[in-house]
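The structure appears below as structure tokens.
What follows draws every value from the coordinates through simple rules; no lab data is involved. All values derive from a computational prediction rather than experimental measurement. Cβ placement follows ideal geometry from the backbone for every residue including glycine, while neighbour counts extend to all protein chains displayed.
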Amino acid sequence: MRRILIVIFLLSTSFGFGQNTTSENWNENDKAQYSKLKGLAKYVYNKEKSEISKDSLFDKYVFFDYVLNDTVSERRERRIVAFDTLFYYFKKTVESIGLENLDAKPVRYYKNHEIYKPFDEEKSELKTVGGEKMYAKDDNVFAYFRKEEPENPIGVLLFEPETDKLGAWIMINQGGYKYFLTFSLL
């Protein structure tokens with residue numbers, strides 16, 4: 001009986017340490033961006049659109065500074081309307097998977113997965129007009145996934161490095177070229 005208790009104790013402590021190793025090799029930006037992502041997901045989860053303050057979103061979670069500082073009011077208003085439409089995609093993802101089932105980690109942990117292809121300089125086959133390889137750096141990018149399937153990421157999220165706010169949650173594939181849809185481009 002004593003041996004069984006010792007084995008159970010050893011197994012439970014080893015599992016406890018295993019849960020903390022996922023963020024062991026994360027840098028300070030990774031931790032800050034993950035914290036913002038968790039805060040954002042909690043903020044929008046199970047809320048009606050009218051209950052979500054854009055001021056809170058832009059102040060705490062979503063990088064929208066270029067739009068808010070735009071001096072052309074018509075363009076700024078057009079972009080805010082576009083934000084409403086596009087942000088629904090992020091909220092819908094959180095709602096459909098469920099807050100307790102959703103997690104994320106830096107995309108660099110998926111170097112052997114298809115989702116990493118746009119970030120892999122060595123495997124990049126696409127070139128710019130000038131002949132440079134087309135790829136995106138994997139800094140400030142997270143892959144999100146269902147907790148029960150961490151080896152199968154669903155998508156990627158781009159964070160703004162200075163503020164650690166979410167910058168883009170939609171990656172577009174157009175003619176083999178993949179890029180993030182950000183509001184500085186609209």
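Report the calculated FRET efficiency for residue 80 and residue 163 (r = Cβ-Cβ distance, R0 = 25 Å), to the nearest 0.05.
Calculated value: 0.85.
Points 7 angstrom from Cα along the Cβ direction at residue 68 and residue 108: gap in nanometres?
Going by the 7 Å Cα→Cβ label model, 2.9 nm.
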